[in-house]
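The values are calculated or read from the model by the stated rules, or taken from the named source; none is laboratory data. Remember, predicted model here, so these are calculated numbers, not experimental data. With ideal geometry, Cβ positions are generated from the backbone for all residues, glycine too; neighbour counts draw on all protein chains shown.
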Amino acid sequence: MTTETRTTSLLDRYAEQAGLDAIEQLRQLAGLLTGLKVVHVNSTRRGGGVAEILEALVPLQQELGMDTSWEVIEGTEDFFSCTKSFHNALQGKRLDISRGLLCEYEEVNAANAERLRPVLEAADIVFIHDPQPAPLLTHCPDRRGKWIWRCHIDLSHPYRPVWKFVRRFLLGYDASVFSLDAFAQPMPHSVYLIPPSIDPLSEKNQPLEPEVVQRVLEEFGVDPERPLLLQVSRFDRFKDPLGVIQAYRLAKDFIPSLQLILAGGTAADDPEGETVLNDVREAAEGDPDIHVLSSGHYSDRTINALQTGADIVLQKSLREGFGLTVTEAMWKGKPVIGGNTGGIRLQLVNHRTGFLVDTPEGAAMRIRYLLTEPDRIAQIGQTAKELVRHNFLITRHLREYLTLMVALTHGNEDRIELG
Ligand code: UDP
């Protein structure tokens, strides 16, 4: 297969999902970036949202004519223990990190810079993802390109001493990107807001055959013929699984055939997760129509099948950043009942693509309303899908990266001509 046919086919596949206009916009912007050397750097090739996004983004950028590569920094156990602590402290935990670990962070970056310096200094654009590789810039004195710090975490309430330490490595950057306004910190350079996205071609978001969906539901003891509520999320108090059970119970008084799945796991570094899960099990006890799926190792295809098989998806969070599960469900044409908080307010248009709720009672009222109006379920689901198509697919994410790259590379010109 030639590069040309592969190129066409990947963009064509996205065009089928995102629309031809979206691909045309990408081509126009990319026209100003042809041949540019672009490097993304993060700290893992697999696992986690950043790797997932890069896996889709890098080939797309390549096929749009940019000379794009993806580098991964190599670290030691102490390095990752330090950056794990950064992750928690920058998201609000009071956590002092030992001098030894901080030195390891700097040394690992210095060692990686030795290896990566030729690529990084020659690049026109460097995207550094999250704090792990942030100090690389300080080791590239002869860099010729623009450097962007892409922050994927919630920096709204960082533990100050740790933020102060990390921030000094970011001072030389040309721009920073945050996912939401609420997540950002003031920086000494331009700050851009680019919300996350989902990949419509991934296992989690591809359309599934109805038989596959039915088989997965039956495997978990769910009756595909009866109405089904679903919440997919870690067992975490902020995701309010107990509130979901309460809402289900209130609605079930009126719709006795109702079923509920709570699917997710507990994060290995979250000791509270087990407690929450036990509370959930206790609250669900004695009701065979509540299915608590808690192994947390469900494949993307299984999660996809559950989201596709549900009638209504809940994400009744009490606190949330950008809730990927909300967008995933909307892409499957599901009305979402979401907590009236954080990024969910941006993701979901109240009354048009679902409902924002503040209480279990509010959620129960919306569940009852939707389940007695099947046409409304279909209509809201369709609107939800279109909203995602235009705003939350990876093509929009890429379009905003390209726009940022154009701004950084052509910003001094009087006029910028798009194709
Ligand atoms: N997820 C999953 N399996 C689970 C629970 C969650 O694959 O058992 C996925 C879910 O589909 C979503 C992500 O993990 O893609 C969770 O992201 P979200 O932003 O909703 O919540 P977070 O856990 O980051 O707060």
Original post:
Any residue in the range 170-189 that is in contact with an Asp or Glu (Cβ under 7 Å, 6 or more places away or on another chain) and on the phi < 0 side of the Ramachandran plot?
Top reply: yes
**OP:** Identify, from the list LEU230, LEU193, LEU170, LEU180, the residue that is away from the ligand (no atom under 14 Å from the Cβ) and crowded, with 16+ Cβ neighbours inside 10 Å.
**Re:** LEU170
**OP:** Could you please tell me which pairs satisfy a Cβ distance under 7 Å, a separation of 6+ or placement on different chains, a first residue in the range 73-88 that is within 24 Å of VAL119 (Cβ to Cβ), and a second residue that is among the acidic types (Asp, Glu) and part of a helix (DSSP H, G or I)?
**Re:** THR76/GLU104; PHE79/GLU104
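Can you pull out every residue in the range 206-227 that is part of a loop (DSSP other than H, G, I, E, B), touching a helix residue (DSSP H, G or I) at 6+ places or on another chain (Cβ under 6 Å) and within 16 Å of the ligand (Cβ to nearest atom)?
If the condition is that a residue be part of a loop (DSSP other than H, G, I, E, B), touching a helix residue (DSSP H, G or I) at 6+ places or on another chain (Cβ under 6 Å) and within 16 Å of the ligand (Cβ to nearest atom), then LEU208 is the only one that fits.
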Original post:
Which of the residues that make up the range 239-288 are of a type in the set (A, V, I, L, M, F, W, C) and touching a residue at least 60 places away in the same chain (Cβ under 8 Å)?
Top reply: VAL244, ALA247, LEU250, ALA251, PHE254, ILE255, LEU258
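So, in the range 42-64, how many residues would count as being at pLDDT below 90 and assigned to a helix (DSSP H, G or I)?
2
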**OP:** State the number of residues belonging to the range 306-345 that are aliphatic (A, V, I, L, M) and away from the ligand (no atom under 13 Å from the Cβ).
**Re:** 2
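Against the definition (assigned to a loop (DSSP other than H, G, I, E, B), of a type in the set (Gly, Ala, Ser) and modelled with pLDDT of 95 or more), how does GLY172 come out, yes or no?
Considered against the rule, which asks whether it is assigned to a loop (DSSP other than H, G, I, E, B), of a type in the set (Gly, Ala, Ser) and modelled with pLDDT of 95 or more, GLY172 comes out as yes.
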Original post:
How about the range 374-394: which of its residues are among the β-branched types (Val, Ile, Thr) and within 17 Å of ASN205 (Cβ to Cβ)?
Top reply: VAL388, ILE394
Original post:
Can ALA284 be described as surrounded by fewer than 23 Cβ atoms within 10 Å (Cβ to Cβ) and either within 13 Å of the ligand (Cβ to nearest atom) or at pLDDT 95 or above (or both)?
Top reply: yes
Original post:
Among the residues of the range 139-157, which ones are under 20 Å from the mean Cα position of the chain (by Cα) and either among the hydroxyl-bearing types (Ser, Thr, Tyr) or surrounded by 17 or more Cβ atoms within 10 Å (Cβ to Cβ) (or both)?
Top reply: ILE148, TRP149, ARG150, CYS151, HIS152, ILE153, ASP154, LEU155, SER156
